[in-house]
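Q: Below are the structure tokens for one structure; questions will follow.
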Amino acid sequence: MLKNFRYRDWVTIDDKTYVISHQFDYINSRRNTAMKVIDKQGQREQTHSIRMYSISEMIAILENSNFVVQKLFGDFTISNVRFNNDYRRLQLVAQK
């Protein structure tokens with residue numbers, strides 16, 4: 001999860017530039033984000049916080065809800081690549 005963590009990023013879409021800063025709170029497992037939007041109207045900042053779950057936490061939550069985890073994948077391709085730490089995202093397949 002944290003191997004590919006990006007602390008700073010920016011992107012321009014149409015006439016808006018987004019400057020994004022992330023911090024990871026290791027104690028509470030939260031990704032805190034500040035995003036500055038820059039456009040013709042000026043600048044404004046938005047913040048949000050997302051709880052990050054480890055794979056073992058996600059599996060435990062699903063199993064406690066009577067789901068059976070069947071597969072973990074590292075991307076969206078049809079080739080069904082097995083998950084490892086080189087991927088930025090996890091695709092998890094579970095069945096109830």
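The numbers here are math on the coordinates, done by the rules we state, and not lab data. Just so you know, these numbers come straight off a predicted model, no measurement behind them. Don't worry about glycine lacking a Cβ; one is built from the backbone with ideal geometry, like all the others, and counts go over all protein chains shown.
Q: May I ask you to evaluate 6.51 cos²θ - 1.76 cosθ + 1.60, the Karplus curve with θ = phi - 60°, for each residue of the range 22-31 and list the ³J(HN,Hα) values in order in whole Hz, giving x for glycine and proline?
A: For the range 22-31, the Karplus-derived couplings read 10, 10, 9, 8, 5, 6, 9, 6, 10, 9 Hz, x marking Gly and Pro.
Q: While we're on this one: Amide H neighbours of ALA94 under 5 Å, counting only residues 5+ apart in sequence or on other chains, H built in-plane at 1.01 Å?
A: GLN70
Q: Could you tell me the calculated FRET efficiency between ARG6 and LYS96, based on Cβ-Cβ distance and R0 = 25 angstrom, to the nearest 0.05?
A: 0.15
Q: I need to check one value: relative contact order of the range 1-52, counting alpha carbon pairs closer than 8 Å and at least 6 residues apart, in percent.
A: Details: 87 pairs, mean separation 14.0, N = 52.
RCO, the range 1-52: 27 percent.
Q: Under the 0.36 nm per residue contour assumption, what length would be gained going from the current alpha-carbon distance of ALA60 and HIS48 to full extension?
A: Full extension of this stretch gives 1.8 nm more.
Q: For the residues SER49, SER56, what sequence is obtained by ranking on other C-beta atoms within 10 Å, fewest first?
A: Values: SER49 11, SER56 8.
Lowest count first: SER56, SER49.
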